[in-house]
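*Asks:* Could you have a look at this structure, given as structure tokens, before my questions?
The values are calculated or read from the model by the stated rules, or taken from the named source; none is laboratory data. Just so it is clear, the structure is predicted and the values come from calculations on it, not from any experiment. All accessible areas refer to the heavy atoms of the entire protein, side chains included, with ligands and DNA or RNA removed. Shrake-Rupley method; radii C 1.70, N 1.55, O 1.52, S 1.80 Å.
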Amino acid sequence: MEENFVTAITSNSLTQEFKILSSEEVELSLNVNNLSYSVKLEPRVTLLDALREKLGLMGTKKACDRGECGACTVLVNNRRINSCMTLAIMHIGAAITTIEGLAEDGKLHPLQTAFITHDAFQCGYCTSGQIVSALGMILEEIPKTEAEIREKMSGNLCRCGAYPNIIAAIQDVLEETEDAAI
């Protein structure tokens, strides 16, 4: 791989060299939805673009591409991240879960079912990010109040304003599970 170097002056006037990877594709393995994928990517490809363009997993949405809306939320080792803000190459060996990986044996995840039951979507564009984020929130720490759910879900925007139904769907799942494994 060809290496290019650039010299930069830091705020304290010390010179540092930063290695910039070339645009040559590298082969890497990603564990997505409990399946191992071998893909060739440029090192600068985001996880979002790798999921959509290389693996064909279109459930994770590309909206703002700036980490502001949450439509691209996925779980990495059961923690929520905006996949548009991280490079795929940074997640070699990590367990990545997308909306497509939530259903098991053809049965929807309880959060998916609750979103349908509570009509927690209108246009549906943010829905996959909302559901994955809700699961991540529950796995991180189960919220105790509606206000806590709202705060912990605040990184996921819905232009249609389906927030009351989204909150109701999440509360429904929390009530049904009562700390059971989600």
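*Asks:* Would you mind calculating the gained length between K107 and S29 on full extension (0.36 nm times residue separation, minus the Cα-Cα distance), in nm to one decimal?
*Replies:* On the way: separation 78, 0.36 × 78 = 28.08 nm, distance 2.76 nm.
Result: 25.3 nm gained on full extension.
*Asks:* Leaving out ligands and nucleic acids, and using a 1.4 Å probe, what accessible area per residue does the chain come to in Å²?
*Replies:* Details: 10290 Å² over 182 residues.
Averaged over the residues of the chain, the accessible area is 57 Å².
*Asks:* Another question about this same structure. I'd like the orientation of helix 163-177 relative to the chain: the angle between its Cα long axis and the longest Cα principal axis, in ° from 0 to 90, rounded to 10.
*Replies:* That helix lies at roughly 80 degrees to the long axis.
*Asks:* Any chance you could check the Cα centroid distance between the stretch 29-80 and the stretch 104-182 for me, in angstrom?
*Replies:* 20 Å
*Asks:* Same structure again: Looking only at Cα atoms, what is the convex hull volume of the chain per residue, in Å³?
*Replies:* Details: hull volume 26.8 nm³, N = 182.
Once divided by residue count, the hull of the chain is 147 Å³.
*Asks:* At a 1.4 Å probe radius, carbon and sulfur cover how many percent of the accessible area of the stretch 103-182? Don't jump to the answer; show the numbers that get you there.
*Replies:* Numbers: 2250 of 4450 Å².
About 51 percent, which is the carbon plus sulfur part of the accessible surface.
*Asks:* Mind listing the long-range amide H neighbours of V26? Cut-off is under 5 Å, sequence gap 5 or more, other chains count too, H placed in the peptide plane at 1.01 Å from N.
*Replies:* L41, E42
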